[in-house]
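Student: Sending over a structure as structure tokens; questions will come in a sec.
The values are calculated or read from the model by the stated rules, or taken from the named source; none is laboratory data. This is a predicted model, so every value here is computed, not measured. Please note: Cβ atoms are built from the backbone with ideal geometry, for glycine as well, and neighbour counts cover all protein chains shown.
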Amino acid sequence: MSGTSTIPLLPCVSLDETLDFYRALDFEVTYRQTAPNPYAVVRRQDFELHFYGLKGLEPASCHSTCLVVMPEVEPLHTTFAKALRRARGKLPVSGIPRLTRMKPGQGRFTLVDLNGNSIIFVRREKAGASRGEEYPPWKESDSRLAKAVAAAARLRDFKTDDAAAAKVLDVALARNEPAPPVDRARALAARAELAVALGDEARARALRAELQKVPLSPEERQRFQAELGAADDLERALR
């Protein structure tokens, strides 16, 4: 039916703190009321988020989710990252609030706000792959290590569970089974990024050192430069 729209309603602990959080991300507050119940609307570009006050809400156990499908997501992720770093002193990639990382070809990211609400921004062409069956897009091998990297990517980028993703990679790397050098390099690079996100600097340094020993050709290193340097990029972002 023409003119029909769907509006997500997301719970919040404090309306004031929630609106300040979204203002810092360049959202405009277009409506607010305190009675008969706390309610507010924020808008950015051509989408809105609506919030209502919910007594007793525990952000750590909140499961409210909203999907925002848009033509491109990378520029918005960059904007949010800069705004969060400016407002909070560093980029929050764990805890509440947080912003998940963007990987090459990923096409989606998640913003978890102060209340634990997950706002998932998806590039339109990726919207159908909501469970990540085809992620990561660079999978070219059927080795068990490549499958572990793909599983870890889903845990890290879709479920925002860095600890579980790290465990998957630790188990796969410990097996030391035969695999193409590129698969091992990707596994080490992904685990190094997770080590940075989890605050384990010593492990990140050790993984980087091991990564440098993987026998990749200059062409392979150039081709996968973005993902192999993800840990360094994240470390710079967190400063």
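Student: Filter the stretch 183-207 down to the residues that are in a loop (DSSP other than H, G, I, E, B) and not small (Gly, Ala, Ser), then identify the one that is nearest to the chain's Cα centre (by Cα).
Tutor: Ranking the qualifying residues of the stretch 183-207, first place goes to Leu198.
Student: Just one of Glu48, Glu28 is among the acidic types (Asp, Glu) and modelled with pLDDT under 95; which is it?
Tutor: Residue meeting the stated conditions: Glu48.
Student: Here are some residues: Ala165, Ala179. Which one is part of a helix (DSSP H, G or I) and not charged (D, E, K, R)?
Tutor: Result: Ala165 is the single residue among Ala165, Ala179 that is part of a helix (DSSP H, G or I) and not charged (D, E, K, R).
Student: A further question on this structure: Just checking: which of the strands (runs of 3 or more DSSP E) contained wholly in the stretch 25-95 hold 1 or more residues that are surrounded by 12 or more Cβ atoms within 10 Å (Cβ to Cβ) and touching a residue at least 40 places away in the same chain (Cβ under 8 Å)?
Tutor: 47-53, 65-70
Student: On to the next question. Of all the residues that make up the stretch 96-122, how many are at pLDDT 85 or above and in a loop (DSSP other than H, G, I, E, B)?
Tutor: 8
Student: What are the pairs with Cβ atoms under 6 angstrom where one residue, in the stretch 146-174, is at negative phi and the other, located anywhere, is in a helix (DSSP H, G or I) and surrounded by fewer than 18 Cβ atoms within 10 Å (Cβ to Cβ)? Sequence gap at least six, or different chains.
Tutor: Partner pairs satisfying both residue conditions: Leu155/Ala164; Val168/Ala151.
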